[in-house]
1. Looking only at the range 38-59, which residues are open to solvent by less than 100 Å² (accessible area, probe 1.4 Å) and under 11 Å from ILE16 (Cα atoms)?
2. For the chain, which fully contained strands (runs of 3 or more DSSP E) count at least 1 residues that are at pLDDT 85 or above, more than 15 Å from the chain's Cα centre (by Cα) and among the hydroxyl-bearing types (Ser, Thr, Tyr)?
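The values are calculated or read from the model by the stated rules, or taken from the named source; none is laboratory data. Just so you know, these numbers come straight off a predicted model, no measurement behind them. Keep in mind that these areas ignore ligands, DNA and RNA; they rest on the heavy atoms of the full protein, side chains included. Shrake-Rupley method; radii C 1.70, N 1.55, O 1.52, S 1.80 Å.
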Amino acid sequence: MQNTVGSASLKDHMQIITDPDEVQMHAYSNKEVAVISVVRKLNLPANNVAFTSPVFFLFTDKMIPSDSLSALRAIRFANQGEIQDENH
């Protein structure tokens, strides 16, 4: 999924890249603030691990076509081990 936030009068844009099958995206903006929220439901039993696709925010002055982003969408982060205490 690729969403674009910008203005026709400005060359700068923000592209948001994520998996559309896993998330709901909500956006709000005015002249002072922009808010993007990405909501994902995840039902995960205790002590299990799951992969969630990353969300990327690209800030650019030239739009990158969706079909040129396959390498970015394929990025995966290695499991860094189990966290014993979620407060640290």
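1. Hits for the range 38-59 are VAL38, PRO54, VAL55, PHE56, PHE57, LEU58.
2. Details: elements: 2-6, 13-17, 24-29, 34-39, 56-60.
Qualifying strands (runs of 3 or more DSSP E): 24-29, 56-60.
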